[in-house]
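Written out below as structure tokens is the structure these notes cover.
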Amino acid sequence: MIGHKVITFDEVSSTNDLAKEFCNEVDSNGIVILANKQNKGRGRFERRWHSSDIGGVYLSIILAATLINFDPKLLPLIAAYAVSKTIEQISDIKTFIKWPNDVIVNNKKVSGVLVEKYKNFYIVGIGVNLNNRKENFPIDIKEKATSLFIEGGKVYNKEIFLKDFFSSFESVLESFNSLDLIKEIKKKSYTLGKNVNIKVADKNIFGKVIDFANDGSLLIESTDGKIEYINSGEIVDVN
Ligand code: BT5
């Protein structure tokens with residue numbers, strides 16, 4: 001069960017790093033490491049995740065690889081989907097999923113996911129800007145980040161968010177069906193049907209997002225008419 005044990009810290013380097021210390025327990029699967037703040041919060045590609053505002057949610061879920069009966073490449077999308085569902089359950093705020101791991105509100109990022117493999121576990125790290133204040137975002141992300149507090153104009157209860165989020169995440173894992181999941185992801189997609197510029201390794205691909213594959217890959221019709229399956233990359237521009 002997700003969150004059968006939630007271990008809370010005041011300040012950590014990164015909950016993803018701390019989670020590794022809890023990967024050898026008998027009941028590791030489903031343990032959640034939660035922090036009020038991080039001083040070395042990480043995004044993908046060693047980017048920084050701003051985590052000094054105690055209004056945010058910073059957590060890592062430990063999942064035993066042996067219990068995952070789907071392509072683990074789907075984990076970031078599943079986590080983003082569960083965040084997006086939870087936000088819509090506790091507020092009137094409309095959310096979108098930006099492949100592969102972001103939740104977007106009002107064209108700004110409200111949540112990001114970092115999945116890492118450690119031994120025989122996946123560590124699913126999730127950052128959600130719940131009650132973050134605009135003045136606390138660093139200058140480089142002030143215009144591209146938002147929080148539920150900023151969008152909804154009120155403070156959201158962290159415990160309720162966590163309870164709903166664990167249950168949404170768990171329900172996707174338990175009754176996993178890739179077709180249903182992809183259908184939902186498409187409904188909430190920020191990019192489907194739009195022209196994008198995607199950075200894949202050291203090249204950029206330009207084209208239209210036409211679909212998602214069952215393993216979560218993005219399908220692009222590139223400007224030269226080729227269909228590209230992209231399983232890892234970064235959407236740098238959306239039009
Ligand atoms: C992510 O990376 O979006 C994954 C973020 C995962 C954070 C969680 S917090 C708990 C766990 N412990 C960790 O150390 N990490 C996980 P990426 O797609 O690479 O996006 C990173 C980019 O998002 C940065 O370069 C900024 O532009 C932007 N960013 C940084 N902090 C942000 C914030 N709080 N809100 C919105 N955008 C942010």
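Entry remark, segment 1-16: residues being modelled with pLDDT under 95 and either in contact with a Pro (Cβ under 8 Å, 6 or more places away or on another chain) or buried (at least 18 other Cβ atoms within 10 Å of the Cβ) (or both) number 0 in total.
Candidates in segment 142-158 are the residues that are under 16 Å from D102 (Cα atoms) and surrounded by 15 or more Cβ atoms within 10 Å (Cβ to Cβ); of these, the one that is nearest to the ligand (Cβ to nearest atom) is A145. Answer yes if at least one residue in segment 23-38 is surrounded by 16 or more Cβ atoms within 10 Å (Cβ to Cβ), under 28 Å from K199 (Cβ atoms) and either under 16 Å from the mean Cα position of the chain (by Cα) or not assigned by TED's automatic domain parsing to the domain that holds E135 (or both), and no otherwise. Within segment 23-38 (the criterion being surrounded by 16 or more Cβ atoms within 10 Å (Cβ to Cβ), under 28 Å from K199 (Cβ atoms) and either under 16 Å from the mean Cα position of the chain (by Cα) or not assigned by TED's automatic domain parsing to the domain that holds E135 (or both)), the answer is no, since none of the residues qualifies. Only residues that are at pLDDT below 95 and acidic (D, E) were counted across segment 55-110, and they come to 1.
So that you can scan it fast, the table gives a plain yes or no per residue for (1) within 11 Å of the ligand (Cβ to nearest atom); (2) not hydrophobic (A, V, I, L, M, F, W, C):
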{"position": "F9", "(1), (2)": "no, no"}
{"position": "L18", "(1), (2)": "yes, no"}
{"position": "I97", "(1), (2)": "no, no"}
{"position": "V105", "(1), (2)": "yes, no"}
{"position": "K108", "(1), (2)": "yes, yes"}
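The values are calculated or read from the model by the stated rules, or taken from the named source; none is laboratory data. Keep in mind the model is a prediction, meaning the values are calculated, not measured. Please note: Cβ atoms are built from the backbone with ideal geometry, for glycine as well, and neighbour counts cover all protein chains shown.
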